[in-house]
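Structure, as structure tokens:
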Amino acid sequence: MSSAPPGWHLQPDGRERYWDGERWTDEFRTPGSAPTEQIPLDETRDMPAAGTGAYGTPAQAGQGPGGYASPPSGAYGQPGPGQPGYGQPGYGQPGYGEGGPLSDKPRGSGWGKGCLIALLVVALLAAILVAVGVWLFRAANDAVSESISTSVPTEVPTELPTEVPTELPTELPTGLPTDLPTELPTGLPTDLPSLPGQGATAEAGLGEEFTLGPATIQSGWTVEDVTLGFASVVMQAVPTEGSTVPLIFDLVFFEGDTDVTRTTCSVPLEPVGETVDVACVPVRGFTDGIDRIEASGVGSG
């Protein structure tokens, strides 16, 4: 182990600290002019006994602490004999430590080594995780491939039938009836009864009375709004001829000469001479401008 001679040495904060040849003391001074900083007496009892100065002379007033002579200093800001120059390692820098200046004790700190070891452990764990993931992926891929290879047939038939049956039946079954009738039956009834009011027509103003075949529509009938654009025709009639078949007629509404909308109504023809209600399909598109109607009986003749 190498060691520097006792004396004042420059520190990183610009002051000088005293090295007694074995360890650093707690005394500081400003290079060139400042007096030495003294520490309390009770804190110096365990320090080594003072010896001769660094240059073979006994300690004198104004010399270094503990009887060591202070090495001469150069000009302010310049290192003296035995002192490190500015920019050279000082206390707490590489080359200085518990062993003193120029100590050959291994450099570095336990914290840095701990960080390095932690990084190595993390890298090793990451590599293990990656390897395990790759192995699992390959195993899953192999399992899927094996499942597909066992479930899909690998042999596809290449030979298709080339022979088509050529013998088709040429004889049709016999014994079918040949004497089918060629004339349609005659004598069907042609005089079918007609519906009540068939072919009858009538015109009237809106709400006026009109007669259509076997019934008379009473005056005062109206068209009332219901909902969703539909209107209801409310009217009554008096049958003049009795029948079990009701009178069915179309009712067309006009605005001037324009056919606006229409509906179909039904009138029961019994009892004769009494007022009955007329049932009509709701009307869509009815407007206030409608001023007349046309009614015509419906039937097949």
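Each reported figure results from applying straightforward, stated rules to the coordinates on display, with no laboratory input. Note that the coordinates shown come from a computational prediction; the quantities given were computed from them, not determined experimentally. Neighbour counts run over all protein chains shown; Cβ positions are idealised from the backbone, glycine included.
Numbers below:
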item	result
Simple spin-label estimate for Ile248 and Asp288 in nanometres, 7 Å along Cα-Cβ	3.6
Nitroxide proxy distance, nm - points 7 Å out along Cα→Cβ at Leu124 and Leu228	8.1
Stretch gain in nm, segment Ser145-Gln218, where the contour uses 0.36 nm per residue and the Cα spacing is subtracted	17.4 nm
Per-residue HN-Hα couplings for the stretch 127-139 [Karplus 6.51, -1.76, 1.60; θ = phi - 60°; Hz; x = Gly/Pro]	5, 5, 4, 4, 5, 5, x, 5, 5, 5, 4, 5, 5
Cα centroid separation, the stretch 202-269 to the stretch 275-292 (Å)	7
Positive dipole terminus of the stretch 201-297, leading residue within Gly285, Ala202, Phe253 (C-beta point charges)	Gly285
FRET efficiency estimate (nearest 0.05) - Cβ-Cβ, Cys115 to Asp13, R0 35 angstrom	0.80
Förster radius 51 Å - calculated FRET efficiency between Thr162 and Val134, Cβ distance, rounded to 0.05	0.45
Cα-based Rg / Dmax (Å) for the stretch 201-297	13.0, 38
